[in-house]
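Notes to accompany the following structure.
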Amino acid sequence: MTPEARLDDALRKARERDPFDCLCVAVSGGGDSMALLHMVAPWARRAGVAVRAVTVDHRLRDASADEAKAVAATCATLGLPHDTLVWEEAGGASLGNLPAAARAARYDLIAAKITDVHGEAACPILLAHTSDDVAETFMMRMARGSGVDGLARMRDDWRDRGQRWLRPLLDASRAELRDWLTGQGIGWIEDPTNDDPRYDRARIRAGLADLGIDTGRIAETAQRMASARDVLRRHAFEKAQGICRVEAGDVLIDLPGLSRLPTETEYRLLTHALRWVSTATYRPRQKSLVEAIEDIARTGKTTLSGCLMVRKGDVLRIVREYDKVGDLRSGPEALWDNRWRLDAPDALDLQGLEIGCLGPKGLKSVPDWRKLGIPRDTLLVSPAVWRGETLVAAPLADPTSGWSAKIHHPWGDFFTSILSH
């Protein structure tokens, strides 16, 4: 199958699953993303789909700004709108976590741009990962001792940061795309960091080439691991129905029921609960999770992944950690902490209002909060309406205010998101 045929098949199936009339292509200027851009443009014209492109300038190399300009020029020749997004905080990451920080920043910037342009309209973001990326990621994670989820093939269709993301070229190899570009007379930019031995991925890439290992076979193994992961997710989803519940944005887990589950399912449910409460992109390392479980058994309380874990009797409650949201403010119509939506009384003027957590100061203004039966830790991190330093409303602590607060999670509800996250 040709690269164009792979792209057509992937996008057609993605559109059948969840229709869309526009696409965003993330383009770095490298071979993979340039091939994606040049193949998507004619596909979109035939399908009647609008396309825009974005490039993230990470400001990690002197040439990055010129590379972004080159991509913009290419998009102009294709008649496509293009935006360059700049990572302003590039200097704050150390070499050790630089690739992860850059990746997170890239996703944040692109998602924010598409939300700004298209709002909640369906406009999937295309990423140009290939079967080589699948193989390299598999080897990197195997070296770190990852389990089934870490070794599973990266997702080709998922939601994160309020947007849908697609990887339509996961079945194509890097060599195939470069052969296609060469045949079309299209150039691309080689990123020197791809061969920089200071980075894990570059070392893995060089090692696979030196050993002559077939990356296609590794990618096939990653796909089989993805199938195994899906079975484990289904089992966790079924068991969660009987031992988990959601209350005031927290996840409550029956500890005796949890202890009867296989260790793999126990860890899966705990990590999913932590990620769902914090909306964290990545699960905590297993070593950290095991240490947290030991802390809970010993002291009844610990923190992990931006959450507070509290044991009371036979119930483990997972709450958002106050230190992570204490200073977080957003507009009254925006999602607060990426999951809370507040609705105001009709005809209320929202000018000058902000959403922040209730906190100790706000809780003092709600003397009857204990009558609700909601723990103090939960109410402290619940969303509240502020005008400067003056509390206007606390929907969870004082339901009579006229304001309401509901979970509007980008992944969906806790239970069904077990199957997709």
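The values are calculated or read from the model by the stated rules, or taken from the named source; none is laboratory data. Since the structure is predicted, the reported quantities are computational estimates derived from the model, not experimental observations. Glycine gets a Cβ as well: all are built from the backbone with ideal geometry, and neighbour counts include every protein chain shown. The area values use the complete protein model at the heavy-atom level, side chains included, leaving out ligands, DNA and RNA. Shrake-Rupley method; radii C 1.70, N 1.55, O 1.52, S 1.80 Å.
Structural remarks
This table checks each residue for (1) buried (at least 18 other Cβ atoms within 10 Å of the Cβ); (2) farther than 18 Å from Arg317 by Cα; (3) within 24 Å of the chain's Cα centre (by Cα).
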| position | (1), (2), (3) |
| --- | --- |
| Arg217 | no, yes, no |
| Ala222 | yes, yes, yes |
| Gly242 | no, no, no |
| Asp250 | yes, no, yes |
| Leu255 | no, no, no |
| Gln286 | no, yes, yes |
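- Meets criteria (within 30 Å of Trp403 (Cα to Cα) and open to solvent by 40 Å² or more (accessible area, probe 1.4 Å)) for Ser365: yes
- Any strands (runs of 3 or more DSSP E) falling wholly within segment 1-87 and containing at least 1 residues that are without any contact (Cβ under 8 Å) to a residue 60 or more places away in the chain, open to solvent by less than 60 Å² (accessible area, probe 1.4 Å) and not polar (S, T, N, Q): 50-57, 82-86
- In this structure, Ala105 does not satisfy being at pLDDT below 85 and touching a helix residue (DSSP H, G or I) at 6+ places or on another chain (Cβ under 9 Å).
- For segment 310-370, no strands (runs of 3 or more DSSP E) sit wholly inside it while including 2 or more residues that are small (Gly, Ala, Ser) and more than 21 Å from Arg161 (Cα to Cα).
- Of all residues making up segment 303-325, the number that are open to solvent by less than 30 Å² (accessible area, probe 1.4 Å) and either modelled with pLDDT under 95 or under 14 Å from Ala384 (Cα atoms) (or both): 1
- Val366 vs. criteria within 22 Å of Val277 (Cα to Cα), out of contact with any Ser or Thr (no Cβ under 9 Å at 6 or more places or on another chain) and among the β-branched types (Val, Ile, Thr): no
- Taken over segment 125-142, the residue count meeting the criterion of being assigned to a helix (DSSP H, G or I) and of a type in the set (S, T, N, Q) is 2.
- If the condition is being in a loop (DSSP other than H, G, I, E, B), of a type in the set (A, V, I, L, M, F, W, C) and crowded, with 21+ Cβ neighbours inside 10 Å, then segment 158-187 contributes Leu169, Leu170, Ala172.
- Listed conditions (1) buried (at least 19 other Cβ atoms within 10 Å of the Cβ); (2) over 19 Å from Thr378 (Cβ atoms) are all met by Val277, apart from (2).
- Looking across segment 368-387 at every residue that is touching a strand residue (DSSP E or B) at 6+ places or on another chain (Cβ under 6 Å), closer than 16 Å to Ile318 by Cα and not aliphatic (A, V, I, L, M), the one that is least open to solvent (accessible area, probe 1.4 Å) is identified as Thr378.
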